Amino acid sequence: MKIDVLAHVENLSQLTPSYASEKSNWRSRFDEDDVLWLQLDKQDSSANTLSEAVLQELNEILDDIEKKPPKALVIGSAKPKGFCAGADIKSFKSHDESEMTDMLRRGHAVLDRLATLDMPTVAVIHGHCLGGGLELALACRQRIGVKNGLEIGFPEIRLGVHPGLGGTYRLTRLINPISAMTMMLTGKSQYDKQAKKQGLVDDLVERRHVENAVRKAIEKSAKKRRRKFSNYMLNMLAVRKFAAKKMRTESEKKAPSAHYPAPYALIGLWEKFGANAHKMQAAEIQSFARLITSETARNLVRVFFLHQSLKNQTNHHTGIEHVHVIGAGSMGGEIAGWCAMQGLKVTLSDQQAEPVAQAVKNTEQLCRNKHKTSAETRDALDRLIPDMRNAGLKNADLIIEAVPENIEIKKALYQTIEPSMKADAILVTNTSSILIEKLTDGLSNPARFMGLHFFNPVSKMLMIEAIGHESTHTDVVERILAFTRDIGKIPVQVTSYPGFLVNRALTPYLLEAIVMLEEGIDKTDIDAAAKNFGMPMGPVELVDQIGLDICIHVADMLADSLNKPMARIPDSVRKKVDNGELGKKSGKGFYQWKNGKAQRDSNINGKQSGKEGSDHLIDRLILPMLDACVECHREGVVKDLDHLDGAMIFATGFAPFRGGPLHYARTRGVNEIVTTLEKLCEQQGERFKPDQGWQSL
């Protein structure tokens, strides 16, 4: 009997294992050709991860294989969504460097046994094959990818480490080593045809052709595989040294070595040991163990779990299948396209036909950018339905209003559309600054209304602020949280408060940069200080990215709504807006913009003013942001400190390696920060007065 290596768990559970001992995480069966089909099925988990228990059981299976060798071994996954999502990251949190070294050596020994089996070994990969899952696949002689949805990659760099179970030396010997290093340094995945072109899989087939592909692979495996001459040449010492230098330069632009040691450790491994697999393996183990126990990695692992916590806030079922979006501008159009890409039926309306047509065109391009197949793109576009007459309104489960940020316009719209909505439909407003309760006047059913603040660009920003008000029904909040999860976003639940969380915390940071400019401090020095702290972009450049007009609008709103003083917008900045100098979108703001990039007279590192001067700039920029976060927690805008940290990381890019603004504050020392704020208050004014919430942090 042949076994479908992609069969679902319920079918596999009917099979009797060939080996005497039942395994908790592996399912096995011989077929009529004496081929052992082994499937990873991680116990009590919806996805496979490579834990110590999984590897130990694999080691026991290899014992049996060596005692009674089959004709061939085929390794696949019993999970419908993918092969293996990577190593079990929870295990990273509880080991010191010595313990991690020992654990890695045990893992390497298991995969080395698999790699040296004297028989054909084939990995059949569907869905995601990441990190440790890819290292498992690389230990097999051949890999067969299943078309549509295949994703292969090493994302470890995002956790502050590099591959640690043989990935560094196996990948650089399997494919073009420059491509291999680029994959590991960027953490970017390869999809379907990309994976085949790179040589990550030997064959790429439809699911129904897997068995035939496996048979061919087993026959082909009898022939000795030769390493490509080009790969051999690219691994020579002179080439490695030249390429490593360029890699360090490129890495420094996005992951400064002062904050992110992993890329440079990986480059050093390959540069020094790329021609010797055994030495590179030993060095990989030591390097990984050292990195994973560093503060940077611990904080990045913390960020990973913050992401999981935000994503898994609810187990609620949405019941949302049809979304109606009103307003096809830059935000509404992309919200509609994104929802259609996630499998929802979407009707999109606007007063003008042109923005609706543009939204459809942008969605098609986005599908290509997200590596969707032609069929998937066609299906997404079929689900995105132009609806100039609001015909979809009456059948929609969720209505997303994305009209201009004006209370009266929004309220007038609600009066028009609410009578046509289904009784159980939910209405949300995509607002970035309007207090939700101010929009409820006149609603006949305010319990089914709330805010949903998407960030721009929707396709790239993970975070969404879900804003309820006193009358919002609990079930509505739960369904909206589940909706954001189902469309691949992560929500932070916030109360209605001026600026909510993100704009309330980010605005003082941006305003202080503008004040510094007015004082005569060079913009490159200001932006350099923020980037040296770990922000992805300097605040002056960020103001230009957002738009000076939008920043002024939010700043004025907060100044009118908060008891605490805000930095004053200089008249010179208001004049820039009056003159049409809005930033990136107009081609000129604080910077000149060309082809979407800020033009600088000097390097972003700016003029070095010494550590003391740089620290002072950083404190002036960062501490007001931290103080606003403390205020938001004290006011109950966000109840969970970890969720607050996660929201600021995913929405603003707050230095991930610092673990979040409040985690950074506690690490640095609350008393030290309060003292610094008090000094700044004396020097700069009441806007630096520490919030009373610091005392209970």
Scan the stretch 183-209 for residues that are in a helix (DSSP H, G or I), out of contact with any helix residue (DSSP H, G or I) (no Cβ under 8 Å at 6 or more places or on another chain) and not charged (D, E, K, R) and jot them down. 194, 195, 209
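Table: residues versus (1) exposed (fewer than 12 other Cβ atoms within 10 Å of the Cβ); (2) of a type in the set (A, V, I, L, M); (3) more than 20 Å from residue 297 (Cβ to Cβ).
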| position | (1), (2), (3) |
| --- | --- |
| 231 | no, no, yes |
| 243 | no, yes, yes |
| 255 | no, yes, no |
| 258 | yes, yes, no |
| 261 | no, no, no |
| 269 | no, yes, no |
Please pick out the residue among 441, 486 that is surrounded by fewer than 20 Cβ atoms within 10 Å (Cβ to Cβ) and either touching a Leu at 6+ places or on another chain (Cβ under 9 Å) or within 21 Å of residue 643 (Cβ to Cβ) (or both). 486
Write out, first by first residue and then by second, each pair whose Cβ atoms fall under 9 Å of each other, whose residues are 6+ apart or on separate chains, and whose first residue, in the stretch 191-206, is within 19 Å of residue 231 (Cβ to Cβ) and without any contact (Cβ under 8 Å) to a residue 40 or more places away in the chain while the second is among the charged types (D, E, K, R) and surrounded by fewer than 16 Cβ atoms within 10 Å (Cβ to Cβ). 199/228
Taking the stated definitions as given, is residue 567 open to solvent by less than 60 Å² (accessible area, probe 1.4 Å), under 23 Å from residue 629 (Cα atoms) and in contact (Cβ under 8 Å) with a residue 40 or more places away in the chain? yes
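So, in the stretch 159-181, exactly how many residues are out of contact with any Phe, Trp or Tyr (no Cβ under 8 Å at 6 or more places or on another chain) and part of a helix (DSSP H, G or I)?
Selection size over the stretch 159-181: 6.
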I need the full set of residues from the stretch 172-186 which are surrounded by fewer than 24 Cβ atoms within 10 Å (Cβ to Cβ) and either of a type in the set (Val, Ile, Thr) or under 19 Å from residue 285 (Cα atoms) (or both), in order please. 173, 175, 178, 182, 185, 186
Give 689, 639 a once-over and let me know the one that is open to solvent by 60 Å² or more (accessible area, probe 1.4 Å), charged (D, E, K, R) and closer than 13 Å to residue 501 by Cβ. 639
Scanning the stretch 101-152 for residues that are crowded, with 21+ Cβ neighbours inside 10 Å, in a loop (DSSP other than H, G, I, E, B) and among the hydrophobic types (A, V, I, L, M, F, W, C), the one nearest to the chain's Cα centre (by Cα) turns out to be 150
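If I ask for residues that are modelled with pLDDT of 85 or more, open to solvent by less than 80 Å² (accessible area, probe 1.4 Å) and outside any helix (DSSP H, G or I), which ones from the stretch 81-100 would you list?
Correct list: 82, 83, 84, 85, 86, 87, 88, 96.
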Flag if residue 345 is more than 30 Å from residue 106 (Cα to Cα) and open to solvent by 70 Å² or more (accessible area, probe 1.4 Å): yes
What single numbered condition from (1) within 25 Å of the chain's Cα centre (by Cα); (2) within 27 Å of residue 307 (Cα to Cα); (3) not charged (D, E, K, R) fails to hold for residue 540? (2)
Out of all the residues in the stretch 377-399, which are without any contact (Cβ under 8 Å) to a residue 12 or more places away in the chain and within 27 Å of the chain's Cα centre (by Cα)? 378, 379
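Restricting to the stretch 677-686, and then to whatever is open to solvent by less than 50 Å² (accessible area, probe 1.4 Å) and touching a Pro at 6+ places or on another chain (Cβ under 8 Å), can you tell me which residue is nearest to residue 567 (Cα to Cα)?
If we take residues in the stretch 677-686 being open to solvent by less than 50 Å² (accessible area, probe 1.4 Å) and touching a Pro at 6+ places or on another chain (Cβ under 8 Å), then 685 is nearest to residue 567 (Cα to Cα).
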Residue count for the stretch 601-639, restricted to those that are modelled with pLDDT of 95 or more and not aliphatic (A, V, I, L, M): 11
Looking at (1) of a type outside the set (Ser, Thr, Tyr); (2) closer than 17 Å to residue 590 by Cβ; (3) crowded, with 20+ Cβ neighbours inside 10 Å, find the lone condition where residue 479 falls short. (2)
Please go through the stretch 43-80 and pick out each residue that is over 28 Å from the mean Cα position of the chain (by Cα) and open to solvent by less than 30 Å² (accessible area, probe 1.4 Å). 57, 58, 61, 62, 65, 70, 72, 73, 74, 75
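Can we say residue 371 is under 30 Å from residue 159 (Cβ atoms), touching a residue at least 40 places away in the same chain (Cβ under 8 Å), open to solvent by 50 Å² or more (accessible area, probe 1.4 Å) and under 22 Å from the mean Cα position of the chain (by Cα)?
yes
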Odd one out for residue 324 among (1) open to solvent by 70 Å² or more (accessible area, probe 1.4 Å); (2) not in a loop (DSSP other than H, G, I, E, B): (1)
Restricting the stretch 462-474 to residues that are surrounded by fewer than 17 Cβ atoms within 10 Å (Cβ to Cβ) and either aromatic (Phe, Trp, Tyr) or touching a residue at least 24 places away in the same chain (Cβ under 8 Å) (or both), which is nearest to residue 654 (Cα to Cα)? 470
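The values are calculated or read from the model by the stated rules, or taken from the named source; none is laboratory data. All figures in this text were calculated on a predicted structure; none of them were measured in a lab. Don't worry about glycine lacking a Cβ; one is built from the backbone with ideal geometry, like all the others, and counts go over all protein chains shown. For the accessible areas, the whole protein counts, side chains as well, though only heavy atoms, and no ligand, DNA or RNA atoms are used. Shrake-Rupley method; radii C 1.70, N 1.55, O 1.52, S 1.80 Å.
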